[in-house]
Structures are given as structure tokens and as C-alpha cells.
Amino acid sequence: MHLDVLDLRNFYYRSALGRAAQKVIRDQLVEWWPVAHVQGQTVAGYGFAVPLLRPYLPDARRVIGLMPGPQGVMPWPAGQPNVSVLCEETLWPLRTGQVDRLVLMHGLETSEHASALLDECWRALGPGGKAVFVVPNRAGLWSRSDATPFGYGRPYSLGQLEAQLRRHGFVVERSISALYRPPSLRRGWRRSAAFLERAGRHMPVLNTGGVLMVEAAKQMAAPTRPGLTSAVKRPLRVLEGIGAPVPEPSRRH
């Protein structure tokens, strides 16, 4: 079940908790993908990933916000030419291999066709392309609260997400748990949010942050060449084992 785009917009742009969550996830994404590393590349986001893509607008060759039909679409970014588009969940208006970097947030866990969606992600990425998947953490507090968008859909454990990505041709490169602060607006939690985030990152064994972020690369099959795959060290001798012809007996007596 997809969330409504207006609810997502209100959470991320009009609530203190949503703005805080947006900053934590976006800062981690930029740490993995510095702006200079995506210069001249095509960056796309699916679901409601546009809050994470703003840092790439000035330098990327193109930024595309893909929003699924059941969710709805909104113009983005505000005050600039629109780059968001409404699309079918498993049929994106992109050429095969067009995308260099892809971000999914509020897309995979709410999809009714997760397997086909991952196939579409793989198709849209170019050779060597990378994707970051942001999903609710099954072990975290955010997936248990209806007060945030991460309380909807199917939460994942890290092992579940990584296994699903591998089955669809992705190579997992790194992962992290983020959003260690509780999904609460109480002043005490807001004041300690930065400390909790730093502490959580230094104790990765806990993996109890509100979201999981996994970076994966598109795996390409090795090209096949016609003919034998390896040199034949010993040529096949068709007549090997057949005795030499016996001379015909002399006819002279």
C-alpha cells in the first residue's frame, strides 16, 4: 500500500520530525555519494526520494524524481523547473541503462510487486550503476510507529534486504542503520538526537536505527565468446586407438 504524496510532503517538509529524518538520511547519502562524484551523471529517485536528491541538482547532468501512480505526484523542486514524473510502478519512462545513480525511499516496502520493481531498477541502471535502498528497519522503533511513513509497508531486516537484492542481480557494497532517535517530538529526544545518531554509528552491531540504507551495484554477466571457452591442450585424434592397416599378404607363392 503506497502512502499519499500529500502525506509524505507534509511529513518531510512541514513537520519537525520529518525534516530531522530527511537531514539524517540525506547526510548519509551525500557521505556515500559526494556531490563531486556524481557530476555529469544521471541521478534518479523512486518512491518519495526527492528530499534526498536536492544536493545533486546543481551538478548532476540530470535529476529525475519517479513517483508511482498509487502514491501520486507533486511538482519538485519548488521554485525550479519540475523534474518529477508520475510513472507505473514497474514500467519507468527511462531508457535501459540510462541511470547512473538510483535512490529508492518509500518505494520497495510499499510495493505489491517488489520483485518486478527490483527488475526495473536493474534495467534502468547502466553498467556499473549504483543504487541506495532506504527501507524501514524491522528492529527499529520507527517501523512500529504510525506517526511516520516508515510505519507502513513491510519492514526489512538487513539479511532479508541483502538476499533480495542479490537474487535480482545486485552486488551489495555497504550498508548502515540510521535514525537512532525515537520517532518522538519531545524536547529531550530532540536535544539528544545528534548524540544518539553518533552513538548508533559507532555501535553498528546494534543495527536498531529506524531505517536501513544499503548501497548495491548492478552486476553484469561476463560476456560469452563463440567457440571453446578454453584452448584444447591435446587435439582430439579421431582415429586414435585404431590399429595401423595390415599389409595385404603377398600373392606370390
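Provide a single number: the residues in the stretch 55-70 that are touching a residue at least 60 places away in the same chain (Cβ under 8 Å) and either open to solvent by 10 Å² or more (accessible area, probe 1.4 Å) or in contact with a Leu (Cβ under 7 Å, 6 or more places away or on another chain) (or both). Steps first, answer last, please.
First, the residues of the stretch 55-70 that are touching a residue at least 60 places away in the same chain (Cβ under 8 Å): 67-68, 70.
Then keep just the ones that are either open to solvent by 10 Å² or more (accessible area, probe 1.4 Å) or in contact with a Leu (Cβ under 7 Å, 6 or more places away or on another chain) (or both); that gives 67, 70.
Residues in the stretch 55-70 being touching a residue at least 60 places away in the same chain (Cβ under 8 Å) and either open to solvent by 10 Å² or more (accessible area, probe 1.4 Å) or in contact with a Leu (Cβ under 7 Å, 6 or more places away or on another chain) (or both): 2 in total.
Taking the stretch 5-19 as the range and being over 20 Å from Pro155 (Cβ atoms) and either among the hydroxyl-bearing types (Ser, Thr, Tyr) or surrounded by 13 or more Cβ atoms within 10 Å (Cβ to Cβ) (or both) as the test, the residues that pass are Val5, Arg9, Tyr13, Ser15, Arg19. Got at least one residue in the stretch 67-87 being closer than 26 Å to Ala114 by Cα, small (Gly, Ala, Ser) and under 16 Å from the mean Cα position of the chain (by Cα)? Scanning the stretch 67-87 turns up no residue that is closer than 26 Å to Ala114 by Cα, small (Gly, Ala, Ser) and under 16 Å from the mean Cα position of the chain (by Cα).
Quick check on the stretch 71-89: of everything there that is among the small types (Gly, Ala, Ser) and at negative phi, which residue is surrounded by the most Cβ atoms within 10 Å (Cβ to Cβ)?
So in the stretch 71-89, the residues among the small types (Gly, Ala, Ser) come out as 72, 78-79, 84.
When the remaining residues are screened for being at negative phi, the result is 78, 84.
Details: Ala78: 8, Ser84: 20.
Ranking the qualifying residues of the stretch 71-89, first place goes to Ser84.
Listed by first and then second residue, the pairs with beta-carbon distance under 7 Å, at least 6 apart or on different chains, first residue in the stretch 90-111 and on the phi < 0 side of the Ramachandran plot, second open to solvent by less than 10 Å² (accessible area, probe 1.4 Å) and polar (S, T, N, Q), are Gln98/Thr42; Val99/Thr42; Asp100/Thr42.
The values are calculated or read from the model by the stated rules, or taken from the named source; none is laboratory data. Remember, it's a predicted structure, so these values are computed and weren't measured experimentally. Here Cβ is always computed from backbone atoms with ideal geometry, including for glycine, and neighbour counts include all displayed protein chains. Ligands, DNA and RNA are excluded from the accessible area calculation, which covers all protein heavy atoms including side chains. Shrake-Rupley method; radii C 1.70, N 1.55, O 1.52, S 1.80 Å.
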